Amino acid sequence: MDIFKIIGVGVITAITALIVRQIKPEVSIIITITGGVLILLMLVESLTSIFSVFNQIIEKSGLESGLFTTILKIVGIGYITEFSANLCNDAGVSSIADKILLGGKIIILALALPIVTNILNIISELL
C-alpha cells in the first residue's frame, strides 16, 4: 500500500531532520522540504485517478465543468495552503504560517462566492 511508503518517507525525513537540526539547522529545513515534495510526488498517481473520476462525473451529470473546476481549485488551494503553512511552522516562522492560512482562506472564499450565488439563484427560482 502506498500509505506505508508515504509514512516511511515521512518518518525517515522527520528523524533525519531532527538529527541534522542539532548540527546544521539550515540543512534541516531543506531536508524537511525535500521529504514533503517527495511525498507529494508519490501522490501524483492518486491525484490523476481523482481527476479522472471527476471528469467522468462531469460527463455523466451534464453540469458545468466550471463548477467542478472551481471545487477542485478550492480543494487544491486548501491542501497547498496547509502544506505551506506547516513548512513555515517547521521552519519556526509561525507568524508567516498564520498569514499563509489567512490568505488561503480569503482566496477560497473568493472562489466559493460564485457557487453560493448560483445556489441562491436556483433556490429563488424554485420559490
Query raised in the report: Could we say that Ser94 is touching a Lys or Arg at 6+ places or on another chain (Cβ under 7 Å), closer than 30 Å to Thr13 by Cα and hydroxyl-bearing (Ser, Thr, Tyr) here?
Result: no
**Report entry** Unique match (being assigned by TED's automatic domain parsing to the domain that holds Lys5 and among the small types (Gly, Ala, Ser)) among Gly36, Gly62, Gly92
**Finding:** Gly36
Query - Condition met for Ser61 (loosely packed, with under 13 Cβ neighbours inside 10 Å, farther than 30 Å from Ser28 by Cα and of a type in the set (Ser, Thr, Tyr)) - result: yes
Query raised in the report: Of all residues in region 3-16 being at pLDDT 90 or above and among the hydrophobic types (A, V, I, L, M, F, W, C), which is surrounded by the most Cβ atoms within 10 Å (Cβ to Cβ)?
Result: Val9
Report task. Taking Leu126 as the residue in question, decide whether it is farther than 20 Å from Ile31 by Cα and modelled with pLDDT under 95. Result -> yes
Query raised in the report: Mind checking which residues of region 32-77 are farther than 22 Å from Val9 by Cβ and small (Gly, Ala, Ser)?
Result: Ser52, Ser61, Gly62, Ser65, Gly66
Query - Candidates Thr81, Thr48, Thr16, filtered to the one that is more than 28 Å from Ile107 (Cβ to Cβ), of a type outside the set (Gly, Ala, Ser) and either free of Cβ contacts under 8 Å to residues at least 60 places away in the same chain or assigned by TED's automatic domain parsing to the domain that holds Thr117 (or both) - result: Thr16
Report summary line: If we keep only residues of region 72-111 that are surrounded by 14 or more Cβ atoms within 10 Å (Cβ to Cβ) and small (Gly, Ala, Ser), then the residue modelled with the lowest pLDDT is Ala91
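The values are calculated or read from the model by the stated rules, or taken from the named source; none is laboratory data. Quantities reported herein were computed from a predicted structural model and do not represent experimental measurements. Don't worry about glycine lacking a Cβ; one is built from the backbone with ideal geometry, like all the others, and counts go over all protein chains shown.
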